[in-house]
Each structure stands twice: as C-alpha cells, then as structure tokens.
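Derivation of every value follows stated rules applied to the coordinates shown; laboratory data play no part. Predicted model, so just to flag it, every value in this text is computed and none were measured. Using ideal geometry, Cβ is built from the backbone for each residue, glycine included, and neighbour counts are taken over all protein chains shown.
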Amino acid sequence: MSDKTLFQQIEDGEIPGDFVYRDDRCFAIRDIRPVAPVHILIIPRKPIPGNDKVEAGDTDLIGHLFVVARQVAESEDLTEGYRLVFNCGPDAGQEVRHLHLHLLGGRAMTWPPG
C-alpha cells in the first residue's frame, strides 16, 4: 500500500485526473463528485494533511492557492461569483487528508452552507 495521498497519486499520474492548472507549488483538478457546475480542487504539492498542520512557513503557499483560485475562476468564466472552501477535519467533510481548496461556481450559492 502506498503512503501517498490520493492527490499525490493523481499528481504522479498513478490515478487519472482532469487537470485545469499546474505550477511548481500546486495543481488544480476537477472534482470527480461535483456539487456545483464548476467544482475544482486546488491542491498544494506539499502534502499538508489539513489546516491543523499548516505552519508559519506555509504562509506564502496558502496565499498562492488563493491567487491560483482567482486565476482558475477567471479561466472558467465565473464572472457572477464563486465560493472558496477548505474542509478541515472529518466533521467538516474532509475526505482526503491533504489540504485542498474547493472552488465552486456556475450557480447561485445558498447560505448558510451545510
């Protein structure tokens, strides 16, 4: 059994992924179980298990995820808005213990979520 997370396996080409963005710090893929017309995961290459493991040295990387989210939202033509979500832990719905940012759009969002 591999010690790699699902996202590391996708990044390494061991599992297929529908990539929409890649750079040296992160990549973005379409979610295989979308909850909105546009549902993209923005994933740091560094395997941070979750927000509870983010350290001060990760500040630039986390900020970079938000810049990439804006770029991807523009490329997906989400001109009417979009939602960004980090699920932190099992009670919040985090299924993969590798920090990732959900970009949701293409429809009106409701509030409160979940």
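For this structure, a couple of remarks:
- Selection over the range 39-67 of residues that are in contact with a helix residue (DSSP H, G or I) (Cβ under 8 Å, 6 or more places away or on another chain) and β-branched (Val, Ile, Thr) gives a count of 5.
- Where a residue in the range 60-81 is closer than 21 Å to LEU99 by Cβ and its partner, wherever it lies, is in a helix (DSSP H, G or I), with Cβ under 7 Å and at least six apart: none
- One residue from GLY17, GLY89, GLY50 being of a type outside the set (D, E, K, R), out of contact with any Lys or Arg (no Cβ under 9 Å at 6 or more places or on another chain) and free of Cβ contacts under 8 Å to residues at least 60 places away in the same chain: GLY89
- Criterion (surrounded by fewer than 13 Cβ atoms within 10 Å (Cβ to Cβ) and aliphatic (A, V, I, L, M)) met by exactly one of ALA92, ALA36, ALA28, ALA73: ALA92
- Applying the set (1) among the aliphatic types (A, V, I, L, M); (2) surrounded by 17 or more Cβ atoms within 10 Å (Cβ to Cβ); (3) touching a Leu at 6+ places or on another chain (Cβ under 7 Å) to LEU84 leaves exactly one unmet item: (2).
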